[in-house]
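Remarks on the structure that follows.
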Amino acid sequence: EVQLVESGGGLVQPGRSMKLSCAASGFTFSNYGMAWVRQAPTKGLEWVATISYDGSSTYYRDSVKGRFTISRDNAKSTLYLQMNSLRSEDTATYYCTRGSGYGYWGQGVMVTVSS
Amino acid sequence: DVVLTQSPATLSVTPGERISLSCRASESVDTYLHWYQQKPNESPRLLIKYASQSISGIPSRFSGSGSGTDFTLSINGVELEDLSIYYCQQGNSLPYTFGAGTKLELK
């Protein structure tokens with residue numbers, strides 16, 4: 001059974017950093033591109049970043065470019081999102097997803113950016 | 001950026017009804033268009049991928065059609081468990097974008 005389990009969220013002050021992790025199991029992690037999608041409270045879904053199966057290619061939405069870094073450790077079957085210089089508008093539930101046409105999602109982790 | 005416009009924003013439905021939800025793209029996305037269902041406090045669930053491809057485990061009453069800029073998600077015989085928000089998403093060009101969603105509610 002495919003499982004994606006996010007961790008690392010919480011309350012953080014504006015301008016500070018936070019790192020999210022997504023532990024994958026039930027499939028060959030190194031065969032799939034992965035992505036982070038977020039959802040602000042009561043809002044719709046927003047793509048954040050994508051990484052290729054081997055980590056050689058990464059893509060970001062403009063509003064996080066230069067602040068967020070998506071990475072992966074295929075030996076540990078884990079996806080990461082390093083978030084720096086956090087802003088209030090980054091407050092959201094962050095989901096880890098697999099592939100294109102996101103067939104599998106984690107349960108989501110809440111990130112609240114507030115002083 | 002490709003803008004996806006979903007209509008209607010809200011649809012009041014009666015169980016058993018056949019309904020269609022629309023997703024219109026501001027430029028062609030070929031068939032790189034996916035549909036998701038999201039219930040309150042749950043993660044989204046993929047219903048249809050690449051405009052019309054069915055997903056294992058998804059009830060057969062859900063179907064998708066379209067290509068280019070106009071897409072439709074159809075539910076043939078709405079059930080109470082289908083009351084939720086439906087999003088379309090394009091994976092043709094960066095940044096990948098989602099529509100604002102269509103909420104199905106009980107009439």
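Determine the dipole magnitude for the protein assembly as shown: charges of +1 sit on the beta-carbon of Lys and Arg, -1 on that of Asp and Glu, nothing else is charged, the reference point is the Cα centre, and the result goes in debye to the nearest 20. Show your work: numbers first, answer last.
Working: 19 positive and 18 negative charges, 78 e Å.
Using Cβ point charges on Lys, Arg, Asp and Glu, the protein assembly as shown gives about 380 debye.
Go through B:67, B:36, B:97 and say which Cα lies farthest out towards the positive end of the charge dipole of segment B:1-104; charges sit on Cβ, +1 for Lys and Arg, -1 for Asp and Glu.
Of the options given, the answer is B:36.
For residue A:61, what charge total do you get from the other residues with a beta carbon under 11 Å from its beta carbon, if Lys and Arg give +1 and Asp and Glu give -1? Present the calculation step by step, with values, prior to reporting the outcome.
Values: positive: A:38, A:65, A:67; negative: A:46, A:62, B:1.
After counting each charged neighbour, the total is 0.
Ignore the peptide's own chain and count Cβ atoms of other chains within 10 Å of each Cβ in A:27-34; give me the average, rounded.
Working: counts 0, 0, 0, 0, 0, 0, 0, 0.
The shielding value for this peptide is 0.
Could you identify which residue out of A:42, A:28, A:91 has the top mean-square fluctuation in a GNM of chain A using Cα springs shorter than 10 Å?
A:42
Express in whole angstrom the spacing between the alpha-carbon centres of segment B:1-49 and segment A:61-89.
Cα centres, segment B:1-49 to segment A:61-89: 27 Å.
How much area per residue is accessible in chain B when the probe is 1.4 Å and only protein heavy atoms are counted (Å²)? Provide the component values of the computation, followed by the final result.
Values: 5040 Å² over 107 residues.
In whole numbers, chain B has 47 Å² accessible per residue.
Mind telling me which of B:89, B:53, B:37 comes out most flexible in a GNM of chain B, alpha-carbon contacts under 10 Å?
B:53
Between residue A:52 and residue A:112, take the C-beta separation as r, use R0 = 41 Å, and let me know the FRET efficiency to the nearest 0.05. Let's see the in-between values first.
Numbers: r = 30 Å, r/R0 = 0.73.
Calculated value: 0.85.
Anything over 25 Å Cα to Cα? Flag those among B:49/B:103; B:39/B:107; A:19/B:39; A:65/B:49, in the order listed.
Over 25 Å apart, Cα to Cα: A:19/B:39; A:65/B:49.
Could you give the dipole magnitude of segment B:24-73 about its Cα centre, charging the beta-carbon of Lys and Arg +1 and that of Asp and Glu -1, in debye to the nearest 20? Could the numbers behind the result be given before it?
On the way: 5 positive and 4 negative charges, 51 e Å.
It comes to approximately 240 debye.
How much of the accessible area of segment B:2-86, in percent, comes from carbon and sulfur atoms when a 1.4 Å probe is used? Please list the in-between numbers first.
Details: 1820 of 4030 Å².
Carbon with sulfur: 45 percent of the solvent-accessible area.
List every residue whose amide H lies under 5 Å from the amide H of residue A:40, counting only residues 5 or more places away in sequence or on a different chain, with H placed 1.01 Å from N in the peptide plane.
A:93
Any residues in segment B:58-107 that have 10 Å² or more less accessible area with all protein chains than in their chain alone, probe 1.4 Å, and which are they?
B:87, B:89, B:94, B:95, B:96, B:98
Roughly how big is chain B's charge dipole about its Cα centre, with Cβ charges of +1 (Lys, Arg) and -1 (Asp, Glu), in debye to the nearest 20? Don't skip to the end; give the middle numbers.
Details: 8 positive and 10 negative charges, 29 e Å.
For this selection, approximately 140 debye.
Considering only A:107, B:54, B:19, whose Cα is most displaced toward the positive end of the charge dipole of the protein assembly as shown, charges sitting on Cβ of Lys, Arg (+1) and Asp, Glu (-1)?
Result: A:107, furthest along the dipole toward the positive end.
Can you put A:80, A:104 in order of accessible area, largest first, using a 1.4 Å probe? Spell out each step's value before the answer.
On the way: A:80 40, A:104 95 Å².
Result, largest first: A:104, A:80.
I'd like the isolated cysteines in the protein assembly as shown, meaning no second cysteine's beta-carbon lies under 4.7 angstrom from theirs.
none
From other protein chains only, count the Cβ atoms within 10 Å of every residue's Cβ in B:38-44, then give the mean. Mind dumping the intermediate values first?
Details: counts 4, 0, 0, 2, 3, 13, 8.
Per residue, the average neighbour count from other chains is 4.
Taking K and R as +1 and D and E as -1, what net charge do the other residues with C-beta under 10 Å from the C-beta of residue B:59 add up to?
Working: positive: B:61; negative: B:79, B:81, B:82.
The answer is -2.
Leaving out ligands, DNA and RNA, what percent of the accessible area of chain A is carbon and sulfur, probe 1.4 Å? Could the numbers behind the result be given before it?
On the way: 2290 of 5260 Å².
After summing per-atom areas, the C and S share lands at 44 percent.
Toward the positive end of the charge dipole of segment A:1-68, about the Cα centre and with charges on Cβ (Lys, Arg +1; Asp, Glu -1), which of A:22, A:55, A:42 goes farthest?
My answer, from the dipole projection, is A:42.
Pick from B:68, B:57, B:91 the residue whose mean-square fluctuation is largest in a GNM of chain B, springs joining Cα atoms under 10 Å.
B:57
The values are calculated or read from the model by the stated rules, or taken from the named source; none is laboratory data. If you're wondering where the values come from, they're calculated on a predicted model, not measured in any experiment. Using ideal geometry, Cβ is built from the backbone for each residue, glycine included, and neighbour counts are taken over all protein chains shown. Note: accessible area is taken over every heavy atom of the protein model, side chains too, but ligands, DNA and RNA are not part of it. Shrake-Rupley method; radii C 1.70, N 1.55, O 1.52, S 1.80 Å.
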